[in-house]
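Here is the structure we will look at, set down as structure tokens.
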Amino acid sequence: MNRIVPLVLLGVVCLSAAPALLPQIPTTNPQTPEKIALGKKLFYDPILSQNGTVSCASCHNPDHAFADNQPISPGVEGRKGARNAPTLTNVAFRKSFFFEGGAKSLELQAMGPLTEHNEMASDVAETVKKLKASAQYVALFKAAFQDEPSMQHVVEAIASFERTLVGFDSPYDRFQRGDLTALSESQQRGMELFFDKADCFHCHSGGNFTDELPHNTALSFFDEDQGLFRLTSRDEDIGKFKTPTLRNIALTAPYMHDGSMATLRETVQHYNDGGESNLNADPLMRPLGLTDQEIDDVVAFLESLTDETFVKNPAFREKP
Amino acid sequence: MKQLMTFLLLGGMAQAATLNIQLSVNVGKTPLEFGQTQQNVAGNTYSLDLLKFYLSEVALVQADGSELPLDGVRLLEFNKDTGTQNIEIFKSDVPAGTYKGVRFSVGIPRSLNHTDPTAQNDPLGVDSGMVWAWNPGYVFFKIEGKFLKGGAQQVFSLHLGTDPYKLQYNLADVQLQKIQLKVPESGGVVKLKLDISQIFKAGLNGEQYDLSQARYQQVHGGPVFGAAYLNLLGAFSLE
């Protein structure tokens, strides 16, 4: 019963397409309707940023499957960091966060954009003070946590809301469940290529199309952003970034950790070419020999991973 | 308390006494005043708004050079409301006696530095404001302020952390016996000084720590860490 309740609160419509997947819910932060409601309000509220201009939703826009359509999203005062905002689709199933995978909980992940100078630049004490000054928030925190506002509860509530952002109803999922009309012929050819000649599945594996591991995809010879190296200081980790999910990928252009590729076709072409010269390149990076038609087919398959019910779900929106 | 019991059981001779460690934060020899403008060696006019750091691994140094470790991690914050002179930063029961110095770290012991802060209690929880979410560990030392650039105020910050940059201080002298920290049964006070101007002592590769240069303005990692670390190693002293 304890397992069923969180699943219901996650809003999981159908997990049959991915039976091995289980959401990552810390025992210290079980899902409750009150926490989810508070988390949703906080997610859309710029009160959490230093100057009240940026919310989580500024960069994680529901119209773009909770990603952004800019290479690098601007934070407070238009400041820009170095990385492309990732989608939050099925983020409940992720075991680690950020492009290095260093944060092991969604709760901790939330602290990143909240306090990062180039994003929301929030001062923890100031933010808590602002929330305590709001009678509405005081009541919502009390309902959710039987406690007063704190940053710990802010990130617990936001993580609880984010864990509801679940979707497994794309044409690909419907095809997997037996609806053979769900994918076009081109998409079906693309699916075969994805799991064979194009070799995408080695890293984009599992029900959410990610192995959650860092790889160097030979994006460029030199990149100021050193990826996993900033966690480990090991030379072989320079340029390694965690595999992102491909769910709703057609809605989240531009691509790569730095948003440097504008279209899916450009991205697939990069892999088809085998990438740039790079000492740390993953051994899987090599010319794939896909024809133009085959590249089109792979792109068509990636477009079949768009879940319209996810994008249109009123429960995810600020104003349903 | 466990420490005290151990002393009582093992020692027998030395009486327990209260040790207070106090800190004064100065700019050179002048008491720091938050918000008041100063000049650094690069010629920047700056003022400070916040100084915050973890104190851990505190130990008294005994006559034979061995350590008497004292438990606990403290998060210390100084701002315009706290004052900067003779602030108690650590208190513990120790055996009365004369010690040859004190050792401590600014930072978090490695064994605690890589857990999930959202699962930790104060002062290691996320409400500490000392968390790097991408998880190289905690911010050990944080200083924030403003400097003048072209007549306009601009913010700067140094957030120092990661295991290699834990600052370890050994303010002890067993050889020359010049340091005598007396902790009588009535209690003793150890006075520390932190000269905050030392942060600007030197920049990278012989250049100055110049706040008008972008790489010294928002320091949360990268090569400037090394310069800041070396500067801070000389910033604490015994009064």
Among DSSP beta bridges whose residues both lie in region B:115-239, state the antiparallel percentage, nearest 5. 90 percent
Could you work out the percent of alpha carbon pairs in region A:35-129 separated by over 21 Å, rounded to a whole number? 28 percent
In whole angstrom, the spacing between the Cα centers of region B:13-37 and region A:209-259 equals 46 Å
Surface/4 estimate of mean projected area, convex hull on alpha-carbon atoms of region B:84-239, nm²: 12.1 nm²
P(r) for region B:81-141: what percent of alpha-carbon pairs falls in each 10 Å bin, starting at zero? 16, 37, 30, 16, 1
Chain A - Rg (one decimal) and Dmax (whole number), Cα, Å: 19.9, 62
Amide N proximity, region B:106-142 versus B:Asn79 label position 7 Å along Cα-to-Cβ, cut-off under 16 Å: B:127-131, B:142
Taking the dipole about the Cα centre of chain B, with the C-beta of Lys and Arg at +1 and of Asp and Glu at -1, give me whichever of B:Pro164, B:Thr37, B:Val131 is farthest to the positive side. B:Thr37
Region A:310-320 - phi-based ³J(HN,Hα) in whole Hz, Karplus 6.51/-1.76/1.60, Gly and Pro as x: 5, 5, 9, 4, x, 5, 8, 8, 4, 10, x
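Please identify the longest segment of chain B free of exposed trypsin sites (Lys or Arg not before Pro), where exposed means a DSSP state other than H, G, I, E or B and no more than 15 other Cβ atoms within 10 Å.
Between exposed loop sites, the widest span is B:81-177.
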Ignoring ligands, DNA and RNA, what percent of the accessible area of region B:172-239 is carbon or sulfur (1.4 Å)? 51 percent
Contact surface B-A: accessible area buried, both sides summed, square angstrom, 1.4 angstrom probe: 1400 Å²
Please sort by residue number the chymotrypsin sites (Phe, Trp or Tyr not before Pro) in region A:200-308 whose DSSP state is loop and whose Cβ has at most 15 other Cβ atoms within 10 Å. A:Phe221, A:Phe222
Rounded to the nearest 500, what is chain A's calculated 222 nm mean residue ellipticity when only DSSP H runs of at least 4 contribute -39500 (n - 2.57) each, over all residues? -9500 deg cm²/dmol
How far, in degrees from 0 to 90, does helix A:33-43 lean away from the longest principal axis of the Cα atoms of chain A, to the nearest 10? 70 degrees
Nearest 10 degrees is fine. How inclined is helix A:151-162 to the longest principal axis of chain A, computing both from alpha carbons? 50 degrees
Strictly over 29 Å apart at the Cα level, which of A:Lys80/A:Lys130; A:Lys319/B:Lys146; A:Lys129/A:Lys242; A:Lys142/B:Lys142; A:Lys40/A:Lys240; A:Lys129/B:Lys149 would you flag in this model? A:Lys319/B:Lys146; A:Lys129/A:Lys242; A:Lys142/B:Lys142; A:Lys40/A:Lys240; A:Lys129/B:Lys149
Note, B:Val61: beta-carbon cut-off 14 Å, +1 each Lys/Arg, -1 each Asp/Glu, net 0
Compute the angle between helix B:224-233 and the longest alpha-carbon principal axis of chain B, please, reported from 0 to 90 degrees and rounded to the nearest 10. 40 degrees
Peptide A:101-114 - average C-beta neighbours from other chains (10 Å radius): 5
Relative contact order for region B:41-168: what is it in percent, counting Cα pairs under 8 Å that are at least 6 residues apart? 30 percent
Expressed in angstrom, Rg and Dmax over the Cα atoms of the protein assembly as shown are 27.0, 89
Across region A:267-279, in residue order, what do the Karplus-derived ³J(HN,Hα) couplings come to in whole Hz, using 6.51 cos²θ - 1.76 cosθ + 1.60 with θ = phi - 60° and x for Gly and Pro? 5, 5, 4, 4, 5, 4, 7, x, x, 8, 5, 7, 4
Projecting the Cα atoms of A:Leu302, A:Asn69, A:Pro149 onto the charge dipole of the protein assembly as shown, where Lys and Arg contribute +1 and Asp and Glu -1 at Cβ, the residue farthest towards the positive end is A:Pro149
Highest-fluctuation residue, A:Ala85, A:Ala250, A:Ala133 considered, GNM on chain A with Cα pairs under 10 Å: A:Ala133
Percent of Cα-Cα distances greater than 17 Å, calculated over region A:153-271: 67 percent
Separation of region A:24-56 and region A:262-279 by C-alpha centroid, Å? 36 Å
Ranked order, A:Lys319, A:Lys40, A:Lys95 - accessible area, probe 1.4 Å, largest first: A:Lys319, A:Lys95, A:Lys40
Could you run the Karplus curve 6.51 cos²θ - 1.76 cosθ + 1.60 with θ = phi - 60° over region A:116-127 and give me ³J(HN,Hα) per residue in whole Hz, x for Gly and Pro? 4, 4, 8, 10, 9, 6, 6, 8, 4, 4, 5, 5
Largest first and in whole Å, give the semi-axes of region A:128-208's equivalent ellipsoid, each being the square root of 5 times a Cα gyration tensor eigenvalue. 46, 15, 9
For peptide B:121-127, how many partner chain Cβ atoms fall within 10 Å of a residue's Cβ, on average? 4
Which percent, nearest 5, of DSSP beta bridges in the protein assembly as shown are antiparallel? 85 percent
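The values are calculated or read from the model by the stated rules, or taken from the named source; none is laboratory data. Predicted model, so just to flag it, every value in this text is computed and none were measured. Note that each Cβ is placed from the backbone with ideal geometry, even for glycine, and that neighbours are counted across all protein chains shown. With ligands, DNA and RNA removed, areas are computed over all heavy atoms of the protein, side chains included. Shrake-Rupley method; radii C 1.70, N 1.55, O 1.52, S 1.80 Å.
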